[in-house]
Every structure is written in C-alpha cells, then in structure tokens.
Amino acid sequence: RLAFGAKPPGWMQSLMKVRNALTSLIGLKAAEHSVDRETVGAFPIISENVESVVLGLDDWHLDFRIVVETQAHVGGTRVRVATLVNRKHWFGYIYIFLITPFHRLIAKRLMGSFLKEG
C-alpha cells in the first residue's frame, strides 16, 4: 500500500489539479490525494482484506471501482488490477473516453512504483 499512499509525482499532481479545476465547473467530485486508513491515493476504500482492496467513487455521471488483488505465485506475488465503470449518463461516456489515456498511464506508473518498492 505504500506506493499508492505516498505522495504522487508532480506531474500526476498537476494532472489532478487540471482535472479538478475543469470538472468542478460541471459539479463533479474533486479527487484529492490523501494518506490515511480510509483512502488509497485519491480513492476511498470500499472494502479490503488480506488479498484484495476495492477502491471507488460514485458520482452523478458514473460509478467506478478499482480492484487490486494479490495472489501467491511461484517466485513471488502476482498482482492484478482492474477498473470497472458503470456509466450512468451520456457525460459518463465522454468523461471516460477523455480520461482513459491518463488513467492507463497513471495506473502503469503506480503499479511500477509499487512493484519496485514491494
């Protein structure tokens, strides 16, 4: 959990500031980075156990979940990450289309830093 809870790099913080500034104009929830027992990065913990954590947020345009699972594997631990999105409104489709490239980049970088530290 350390890599997800640690302060993100400056470029990620800048992207989130731009995202929050733009989306606040239309009433979306801000994504604020936090390091505590109830969030991982900017995402509230919905459930967790020894092998998995489910993060997510519900908003008027979509609900999303990020599922991170670990599994003992020969030679180490296998980590799987999945993002699930329920688009509630036409704007949810547009929003996901626009943020998906950034989401993929950030997820890969966070997983890379997690694996280096783990």
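What follows is calculated from the coordinates using simple rules that are stated; it is not laboratory data. This structure is a prediction, so every number in the text was calculated from the model and none was measured.
In table form, for the structure just shown:
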| item | result |
| --- | --- |
| Extension gain, Ser24 back to Gln71 (0.36 nm per residue minus Cα-Cα distance, nm) | 13.1 nm |
| Integer Hz, Karplus 6.51/-1.76/1.60 couplings in order for the range 72-78, x for Gly and Pro | 4, 9, 3, x, x, 10, 8 |
